[in-house]
1. With every atom except the alpha carbons ignored, what do you get for Rg and Dmax of the chain, in angstroms?
2. If you take the charge dipole of the stretch 59-176 about its Cα centre, with +1 on Lys and Arg Cβ and -1 on Asp and Glu Cβ, which of ALA63, THR90, TRP126 is farthest toward its positive end?
3. Relative to the present Cα-Cα distance, how much length would full extension add between THR23 and SER245 at 0.36 nm per residue of separation?
4. Of the trypsin sites (Lys or Arg not before Pro) in the stretch 203-275, which ones lie in a loop per DSSP and count no more than 13 other C-beta atoms within 10 Å?
5. Counting only protein heavy atoms and a 1.4 Å probe, tell me what percentage of the stretch 78-201's accessible area is made up of carbon and sulfur.
6. So how exposed is LEU116, as accessible area in Å² (1.4 Å probe, rounded to 10)?
7. Pull up the DSSP beta bridges for the chain and report the antiparallel fraction as a percent, rounded to 5.
8. Could you state the accessible area per residue of the stretch 84-236 in Å², with a 1.4 Å probe and every protein chain left in place?
Amino acid sequence: MCPIAVLSDNGAMNSPDNIPAATLPSGARMPLIGFGTWKLRGHEARTAVLAALKTGYRHLDTATMYGNEAEVGQALRDSGLSRDQVFVTTKIRPADAGRARSVLNASLRALDTEYLDLWLVHWPPWRAGQSRRLWKDMIAFRDEGLIRDIGVSNYKFAEIDDLAKATGQTPAVNQIHWNPARYDAATLAGHADRGVAVEGYSPLKDTPLGDPVLSGIAEAHDVSTAQVVLRWHLEHDITVIPKSSQPERIAANLDLLGFSLTKDEVARIDGLAGH
Ligand SMILES: NC(=O)c1ccc[n+]([C@@H]2O[C@H](COP(=O)([O-])OP(=O)(O)OC[C@H]3O[C@@H](n4cnc5c(N)ncnc54)[C@H](OP(=O)(O)O)[C@@H]3O)[C@@H](O)[C@H]2O)c1
């Protein structure tokens with residue numbers, strides 16, 4: 001297995017302009033490679049997010065639950081990038097459903113921004129009624145201009161369909177646990193049928209990066225197996241948000257545009273599901 005491969009000498013290939021994106025209902029473009037921030041706290045969070053922005057990430061994923069929105073906001077300021085150059089997602093805990101406006105305001109304050117690009121329900125509220133009420137609030141906040149697009153995380157199709165039926169508004173995104181072992185064509189088709197963009201989380205930590213299928217493909221492209229897994233998401237048009245606290249990995253995880261996988265390679269990785 002190649003350790004950490006950085007493909008581009010001059011970074012041009014990985015220029016933020018070249019990162020593929022999904023178009024959301026607002027017309028906004030969500031970069032298919034984002035930076036995950038779960039478990040990054042305090043100084044480490046600020047440093048890692050700043051490194052990610054300097055490396056070229058233009059999509060950040062945080063959540064109220066991660067306790068790092070202020071550090072993400074600080075890194076955004078320190079980067080010198082303008083707000084509209086970076087796609088910012090945060091999430092509300094279902095336990096906060098009854099006080100959504102104050103939670104949204106607190107997230108906006110902590111992130112030091114006037115709007116969110118994407119606000120997700122972190123996981124489904126226990127009761128369907130509560131889920132619908134929260135979704136209606138989110139629609140209202142979006143219509144006020146506080147959020148560009150709204151979505152969910154960890155939702156099943158029945159839960160998505162319930163929101164769509166109650167309000168006529170389908171979530172723009174479902175952020176779900178996704179990696180080669182979880183590949184399921186029906187899951188992708190079901191989201192596509194509903195017009196819901198799939199965003200995958202925990203792409204690396206539950207993947208055996210020493211797997212011989214991944215190692216063989218990595219060797220053929222002179223990249224790492226982690227890069228193969230991340231590139232596999234892009235081949236399926238799935239947004240991927242790897243987290244790392246290490247500058248070399250932060251850079252390598254974005255360095256996915258100098259190679260592509262063949263159909264056969266994608267199929268072999270798909271075939272790891274259930275193994
Ligand atoms: N919606 C949800 O319910 C939900 C749940 C989980 C996660 N998420 C989001 O998804 C993001 C990503 O998921 P995750 O943080 O759970 O897991 P992940 O990104 O799959 O894996 C992170 C782990 O992999 C290591 N790593 C990073 N790059 C690597 C590389 N190139 N080679 C080998 N190891 C590497 C990291 O260690 P180092 O830091 O030491 O590099 C860290 O231990 C989260 O940060 C969060 O933003 C959402």
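The values are calculated or read from the model by the stated rules, or taken from the named source; none is laboratory data. Predicted model only: the values in this text are computed from it and were never measured. Here Cβ is always computed from backbone atoms with ideal geometry, including for glycine, and neighbour counts include all displayed protein chains. Note: areas computed on protein heavy atoms with side chains; ligands, DNA, RNA excluded. Shrake-Rupley method; radii C 1.70, N 1.55, O 1.52, S 1.80 Å.
1. Final numbers for Rg and Dmax: 18.2, 53 Å.
2. TRP126
3. Contour length minus the Cα-Cα distance gives 77.1 nm.
4. Answer by residue number: LYS205.
5. 48 percent
6. Only protein atoms counted, so the area is about 0 Å².
7. Details: 3 of 27 bridges.
Antiparallel bridges: around 10 percent, rounded to the nearest 5.
8. 42 Å²
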